[in-house]
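Student: My questions will all concern the structure given below.
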Amino acid sequence: MPDVGMRRLGTALAHPSRCLEDLCTRAVETFPGQAPSDDVTLLLVRTLSLSPAQVASWTLPNDRTAVRSARHMAARQLTEWGLEGLQDPTQLIVSELVTNAIRHSTGPIGLCLIHHQALTCEVFDTDANSPRLRDARAIDENGRGLSLVTQLSRRWGTRPASGGKVIGCGSSRGTVELGFC
């Protein structure tokens, strides 16, 4: 029976152009009328190689003037990539994430934009604590940054990195997507 499963896995994976979810479904689906006999976990990952022209990254000082510079660098890069339509949401996201990095960390800040199937924006800072989404009240002066990022991006997330963390988001159809460089 393991040979049958291995052949089915090989057959499913022989179509690399299909989406990963479809490949997983085809690989683990049971034959009609057959009950599943084993628990199985299948993890498929598609790696990709980006050209240097698809990635722009900068190191910023941990200083309030970095926010303005970060917005301008991001806008310039989006123009170079022909993504002018994403400038406003991207600049707002960059402003919020870099401001949070300045407010909550002490070392240099990294900003990275990736242009592949979506635009991905990442900000590195030296604080290991993950941010939390807050419900800011009308009278609160702070706490709205991640809410704005949530509204302007398809998704956002955070991951630990050596010496700190990375917060990333990504775009799709006029919004900015968070991902990770």
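The values are calculated or read from the model by the stated rules, or taken from the named source; none is laboratory data. Because the structure is predicted, anything quoted here is derived from the model rather than measured. As a convention, Cβ positions derive from the backbone with ideal geometry for all residues, glycine included, and neighbour counts pool all protein chains shown. Calculation scope for accessible area: heavy atoms of the full protein, side chains included, ligands and nucleic acids excluded. Shrake-Rupley method; radii C 1.70, N 1.55, O 1.52, S 1.80 Å.
Student: Given the conditions (1) closer than 23 Å to Ala53 by Cα; (2) at pLDDT 90 or above, which single one is not true for Thr126?
Tutor: Failing condition for Thr126: (1).
Student: Here is a further query. One residue is enough: does region 33-41 have a residue meeting the conditions β-branched (Val, Ile, Thr) and either within 27 Å of Ile114 (Cβ to Cβ) or modelled with pLDDT of 90 or more (or both)? Give the derivation first.
Tutor: If we filter region 33-41 for residues that are β-branched (Val, Ile, Thr), which is where we start, we get 40-41.
Now drop any that are not either within 27 Å of Ile114 (Cβ to Cβ) or modelled with pLDDT of 90 or more (or both), which leaves none.
Checked against the condition, which is being β-branched (Val, Ile, Thr) and either within 27 Å of Ile114 (Cβ to Cβ) or modelled with pLDDT of 90 or more (or both), region 33-41 yields no hits at all.
Student: Which condition breaks for Thr59 when tested against (1) touching a Gly at 6+ places or on another chain (Cβ under 9 Å); (2) open to solvent by 70 Å² or more (accessible area, probe 1.4 Å); (3) in a helix (DSSP H, G or I)?
Tutor: Every condition holds for Thr59 apart from (3).
Student: To continue, here is another question. Can you spot a residue in region 157-177 that is modelled with pLDDT of 85 or more and part of a loop (DSSP other than H, G, I, E, B)?
Tutor: Scanning region 157-177, I find at least one residue that is modelled with pLDDT of 85 or more and part of a loop (DSSP other than H, G, I, E, B), so the answer is yes.
Student: Additional query: Are any residues in region 88-107 part of a helix (DSSP H, G or I) and open to solvent by less than 40 Å² (accessible area, probe 1.4 Å), and if so, which ones?
Tutor: First, the residues of region 88-107 that are part of a helix (DSSP H, G or I): 88-104.
Pro89, Thr90, Ile93, Val94, Ser95, Leu97, Val98, Asn100, Ala101, Ile102 - these are the residues of region 88-107 that are part of a helix (DSSP H, G or I) and open to solvent by less than 40 Å² (accessible area, probe 1.4 Å).
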